[in-house]
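Before any comments, here is the structure.
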Amino acid sequence: MKRFATWITSGIVISGLILFSTGITQSQEIFPAGQGRNTLFLVCVQCHSLNRVTEAKLTAADWEFIMYDMISRGAPVREEEIDALKKYLVDNFAIEAK
């Protein structure tokens, strides 16, 4: 069972790296450079397409809630990456609260 989990984890990491390396040129305008972008590309895409980010119409508070909810569900975001990821999502994708 442990070997199976290792294979799954390896597959997820490899998939993230492939997505990161092949999609970076296509998404530079949509996903501007900045701290937190690599975390988004390597962590969030393990369960979601990047369209979930670009099509979501979320406020800063919504992004923060969702980010912590995903972490509580097992998203492998290291503690030192949390603030950068939150700032990246809010700065680039948050809408104004009504």
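Brief remarks follow.
- Filtered by the rule that a residue be touching a residue at least 12 places away in the same chain (Cβ under 8 Å) and either surrounded by fewer than 15 Cβ atoms within 10 Å (Cβ to Cβ) or polar (S, T, N, Q) (or both), segment 82-94 gives 91, 92.
- Scanning segment 24-50 for residues that are among the hydroxyl-bearing types (Ser, Thr, Tyr) and at pLDDT 90 or above returns 39, 49.
- For segment 51-61, filtered to residues that are crowded, with 17+ Cβ neighbours inside 10 Å and outside any strand (DSSP E or B), the residue that is modelled with the highest pLDDT is 60.
- In segment 68-81, the residues that are surrounded by 14 or more Cβ atoms within 10 Å (Cβ to Cβ) and charged (D, E, K, R): 81
- Contact map, segment 63-81: first residue under 20 Å from residue 91 (Cβ atoms), second residue among the hydroxyl-bearing types (Ser, Thr, Tyr) and surrounded by 14 or more Cβ atoms within 10 Å (Cβ to Cβ), Cβ cut-off under 8 Å, separation 6 or more or different chains; pairs are 77/39; 81/39.
The values are calculated or read from the model by the stated rules, or taken from the named source; none is laboratory data. Keep in mind the model is a prediction, meaning the values are calculated, not measured. Note that we place each Cβ from the backbone using ideal geometry, even for glycine, and neighbour counts take in every protein chain shown.
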